[in-house]
Number of protein chains: 4
Amino acid sequence: MQESAELQPTDQREEKRRRILRAAIDEFARKGYFSARMADVAKSAAVADGTLYLYFEGKEHLLVSVFDDVLSRAIDRARTEIAGVASPLERLRIVVRLHLETLAADRSLAHVIQIETRHSRRFMNLITRGRLGEYLELLRSLIAEGQEAGEIRRDVSPGFATNVVFGAVDEIVNSWLLADDPGDLTRFHAPLMDFLSAGMVEHRS
Amino acid sequence: MQESAELQPTDQREEKRRRILRAAIDEFARKGYFSARMADVAKSAAVADGTLYLYFEGKEHLLVSVFDDVLSRAIDRARTEIAGVASPLERLRIVVRLHLETLAADRSLAHVIQIETRHSRRFMNLITRGRLGEYLELLRSLIAEGQEAGEIRRDVSPGFATNVVFGAVDEIVNSWLLADDPGDLTRFHAPLMDFLSAGMVEHRS
Amino acid sequence: MQESAELQPTDQREEKRRRILRAAIDEFARKGYFSARMADVAKSAAVADGTLYLYFEGKEHLLVSVFDDVLSRAIDRARTEIAGVASPLERLRIVVRLHLETLAADRSLAHVIQIETRHSRRFMNLITRGRLGEYLELLRSLIAEGQEAGEIRRDVSPGFATNVVFGAVDEIVNSWLLADDPGDLTRFHAPLMDFLSAGMVEHRS
Amino acid sequence: MQESAELQPTDQREEKRRRILRAAIDEFARKGYFSARMADVAKSAAVADGTLYLYFEGKEHLLVSVFDDVLSRAIDRARTEIAGVASPLERLRIVVRLHLETLAADRSLAHVIQIETRHSRRFMNLITRGRLGEYLELLRSLIAEGQEAGEIRRDVSPGFATNVVFGAVDEIVNSWLLADDPGDLTRFHAPLMDFLSAGMVEHRS
DNA sequence: AATGAATGAGTATTCATTCAT
DNA sequence: CATGAATGAATACTCATTCAT
């Protein structure tokens, strides 16, 4: 039952990588991406300044990595959790729940994801063409399936609907993030899905 | 009927202020807020570097001013246009239309408003507590009125509904802004309002 | 006899430029090009760090400028002094004398010219294709003229002879520069020209 | 007649030392001393970074070693080749020929010797007081012997004459090194020795 | 002896802002 | 009011060297 002699160093490397990522989240959240210094991140991760560059190409890559890392895990988890669920609408509900839960559980991370990550068109293009694009595509495919299954109205394009859904979720998170007394983010899940599903207009009968 | 000797210089002053603001929008859109240099803005506005500081307190204030200036006008215009309209839902529809039209007409401005203006929590707090707060409050009041008038379902808080509406609009604009072939932003107005109003779920007739 | 209102600022600018150049020579000579910090140069020139960049493009440009500046003056002076001299060999003698006198008068400058300026092939190419090339071309033309005038043997190419002459002068300067007790550099002028002219072999009377 | 068990490892050690030296020459020539990284040298020598420090004290020592190594061999070879030659002038001619041949055969080495090795006064002092001093002393002694033998004019100091000779050779090499189409360096040997010996002035038959 | 991951000192350059003219 | 030359603080990144394995 011995550990592979090769695995140990890899584990250590991975552990250090995660420590640096965590430090980056904390520092970027605390001081903002631009104000946070690489030296701060290094200190917070308890490594030397130069070590950061053995794991990440530079400051910007560190921010991209935070983003991609989180989204990769989120997407994986989402795919796992919706695996056995038949209804596309239900699947969408699950994905949004995971979205909210992930950010609810880590306010610093939420800050970095919601704000620091959107500081320039170039950077937004970068992430949109990366993992974020993948996530949006997941949403889009669920909506398209919902239309095929007759659960979702067919008279809007899936891309458009995705924007509305993502925009609504995103703003809920933003609002929670900026609130003085935010409370639990996940409490918005049900009303949000209900609102999006049923629409905001008063239905007769 | 001579012009007041005082008004003339004031007009000139206002004209120069607007020139600087326009230059800031163009430069911030072209290079991004952080990459754009004050010297760039000055050159684009055809004034000396130091002159910028006679009109604005600094670079950040320039960005705030761009934002507040646009929102002030938008809010004024919105209030004017909804003045004679009775239905709160219809009023909301008008405000959203103005929102889209304003940004559709000026892509550089849209870029600055959607992206450059959101680069840090501190800055987002700044604008949220300023003109943006006022705009959101306008949306909220329309929704509350709609609830009182029985046009909008009462089982969601107006603040929450505001977030959903604003988030959806915001994301539609973002998506348009980042698209390779964006087309006309205002074409999303009708589907968007319809989607938000009726909900995305397929209704049995 | 009033000063042109335009000249004054230009004079001030030129004066500051020269102060920075002088500071660069002193600092590069004292600490070497690589060890000298731009902050050292700025301090020595009594200007702010950033001011250096209003006058020179960067550290390397500062070094190039020291070199080009000196050689420009040397070439100008050489051309003036040989203007009324008919014999090409005598002209060559004058140019070499100026060469030695210029460096003899400023040991720090000599250090920068002889050593700091030769630190890499890239840099040597840079200066060889600049003012140094111009200087070498001057030497070459004098030698070619000497050949035409029958003063200098015709069986060597002017370029080759230039290399020998320049190499000899250069090494004399180098040797003087590295000597513990250097004495006056110009004392080598007569023997050097004599040696090059007559050759080192014992001539049978 | 077995190899000493001690000699074998020593041979291997020497072989690795030479491999590192070769790698240093190549890398310093390719990128320049300052731009070349120790990691580059290590990679080129196919050893680990740390191994360099088991053979050389540091980067600077590596450069010194390249220089000293070459000069040691050159001096040894020169002494051997002039051993049976009587005429000091002829001996000098042989030494200069070896000088040119050595550098002609290895352009990268020539680059390092001629350029990288002269980047600072400190470094020039270092090598001048080392093997280069020994080489110059060899030249000087040959010239002094030439004077005693009546082959070389007595009215210049041997040190001075050494500078002129070395300077001329050095510049010929430099010129060859920087030339776009250099050709064979050794073709300059005869004209050079002739020029130095007979002088450049046209002699009346 | 050999390795190579980790270290951390060191600095050129930018640019928002000021203020003498 | 306007100018624009001057200021100087602030920081990501490199790479020679070390040392635990």
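The values are calculated or read from the model by the stated rules, or taken from the named source; none is laboratory data. Every value quoted in this text rests on a predicted model; they were computed, and no experiment measured them. Don't worry about glycine lacking a Cβ; one is built from the backbone with ideal geometry, like all the others, and counts go over all protein chains shown. Heads up: the accessible areas ignore ligands, DNA and RNA and are worked out on the full protein's heavy atoms, side chains in. Shrake-Rupley method; radii C 1.70, N 1.55, O 1.52, S 1.80 Å.
Listing for the model above:
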read-out	value
Global form of the range D:1-119, assessed from the alpha-carbon gyration tensor, a/c cut-off 1.5	oblate
Local electrostatic count at C:Lys43 - Lys and Arg +1, Asp and Glu -1, tallied over other residues with Cβ under 10 Å	-2
Pairwise burial B:A, computed as accessible area of each alone minus the pair, summed, 1.4 Å, Å²	4500
Where trypsin sites (Lys or Arg not before Pro) fall in DSSP loop in the range C:109-201, at most 14 other Cβ within 10 Å	C:Arg129, C:Arg154
Chain D: DSSP helices with Cα axial extent of at least 18 Å and average Kyte-Doolittle hydropathy no lower than 0.0	D:88-104, D:158-178
Rounded FRET efficiency, nearest 0.05, which uses the C-beta distance separating D:Arg17 from A:Ala39 and R0 of 41 Å	0.55
Of all accessible heavy-atom area on chain B, the percent that carbon and sulfur account for (1.4 Å)	51
Kirkwood hydrodynamic radius over Cα pairs of the range D:117-205, then Stokes diffusion coefficient at 4 °C and 1.567 mPa s, in µm²/s	86
Chain A - Debye-derived log10 I(q)/I(0), Cα point model, q = 0.16 Å⁻¹	-1.10
Cα centroid separation - the range D:121-177 against the range C:12-84, whole Å	33
MRE, 222 nm, helices only [DSSP H, n ≥ 4, -39500 (n - 2.57), over chain A, to nearest 500]	-23000 deg cm²/dmol
Calculated FRET efficiency for the pair C:Glu134/D:Arg129, C-beta based, R₀ 35 Å, to 0.05	0.50
Neighbourhood charge, 14 Å Cβ-Cβ cut-off, centred on C:Leu185 and excluding it, Lys, Arg +1 and Asp, Glu -1	-3
Chain B, dipole about Cα centre (Lys/Arg Cβ +1, Asp/Glu Cβ -1), debye to the nearest 20	400
With all protein chains modelled, accessible area of A:Leu139 [1.4 Å, Å²]	10
Heavy-atom accessible area order for A:Leu54, C:Leu52, largest first, 1.4 Å probe	A:Leu54, C:Leu52
For B:Ile152, residues with placed amide H under 5 Å, excluding near neighbours	A:Glu202, B:Gln147
Amide H partners (placed H, <5 Å) of C:Gly130, local residues excluded	none
Net length gained if the chain between C:Tyr53 and C:Arg122 were fully extended (0.36 nm per residue, minus Cα distance)	22.6 nm
Spatially proximal lysines relative to B:Lys16 (Cα-Cα < 28 Å; intrachain offsets below 8 disregarded)	B:Lys31, B:Lys43, B:Lys59
B:Ala190-A:Arg30 FRET efficiency (beta carbon distance; Förster radius 51 Å; 0.05 resolution)	0.70
Local net charge near B:His119, Cβ-Cβ under 10 Å (Lys/Arg +1, Asp/Glu -1)	+2
Paramagnetic reach from A:Ser87 in the range B:183-199 [backbone N under 12 Å; point 7 Å along Cα→Cβ]	none
Area accessible to solvent at C:Asp106, 1.4 Å probe radius, in Å²	30
Ratio Rg/Rh, restricted to the protein assembly as shown and using Cα atoms, in which Rh is the Kirkwood radius	1.16
